[in-house]
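To keep things clear, I will list the structure first and then write my remarks on it.
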Amino acid sequence: MIYFNHNIFTLIDSMTHPFHLAISVQDLDQAKQFYEEVLGCSRGREDDRWVDFNLYGHQLVCHLSNAVVKQVHNPVDGESVPVPHFGVVLDLGKFEILEARLKSSNQSFTIEPTTRFKGEQGEQRTMFLLDPSNNAIEFKAFANIDNLFIS
């Protein structure tokens, strides 16, 4: 499928390619509990210093480290967004299922589930939370996924 945006041609494959992200965590057991039991990720390969997770079809690798994640915050549509952060764009149905799962497990949100840019071209549902090692995670879902890269 080809999308035209501001006279720039962007080819988007009909199949999303899995993304690989490696993050540091301070405790692998806490990471396993959070990513498996709270977020519902399945575990892949692991060693005594790292573990792979399937995060909605993407490879998330948690590496044991003593590093402390430090964040700054940037204002976005009236919210204080933590940086750095990572996340996944879901469809609205999966977003709502995850939102219910997180609320039922009494997760604390750094940004409560909300609709950002309401009524605008980039309207989206979003929510932020921290893992046990202070890594900020955003989940979002667009009212119209075709607006993912449109400003």
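Coordinate-derived values only; no laboratory data. What you see is a predicted model, and the numbers here were worked out from it, not measured in a lab. Neighbour counts are summed over all protein chains in view; Cβ atoms, including those assigned to glycine, are modelled from backbone coordinates with ideal geometry.
For this structure, a couple of remarks:
- The residue that is farthest from Ala143 (Cα to Cα), counting only those in the range 57-85 that are part of a strand (DSSP E or B) and among the β-branched types (Val, Ile, Thr), is Val61.
- Out of Val88, Val51, sole residue that is aliphatic (A, V, I, L, M), free of Cβ contacts under 8 Å to residues at least 24 places away in the same chain, under 23 Å from Ile23 (Cα atoms) and not in a loop (DSSP other than H, G, I, E, B): Val51
- Members of the range 83-102 found to be touching a strand residue (DSSP E or B) at 6+ places or on another chain (Cβ under 8 Å), within 16 Å of Thr114 (Cα to Cα) and aliphatic (A, V, I, L, M), listed by number: Val88, Val89, Leu90, Leu92, Leu98, Leu102
- When the range 96-121 is limited to residues that are among the hydroxyl-bearing types (Ser, Thr, Tyr) and either surrounded by 14 or more Cβ atoms within 10 Å (Cβ to Cβ) or in contact (Cβ under 8 Å) with a residue 40 or more places away in the chain (or both), the one that is farthest from Glu37 (Cα to Cα) turns out to be Thr114.
- Just one of the numbered conditions (1) out of contact with any Pro (no Cβ under 8 Å at 6 or more places or on another chain); (2) of a type in the set (Ser, Thr, Tyr); (3) over 21 Å from Val68 (Cβ atoms); (4) surrounded by 18 or more Cβ atoms within 10 Å (Cβ to Cβ) is not true of Ser133: (3).
- Residues that are surrounded by 13 or more Cβ atoms within 10 Å (Cβ to Cβ) and in a strand (DSSP E or B) within the range 22-42 comprise Ile23, Ser24, Val25, listed in sequence order.
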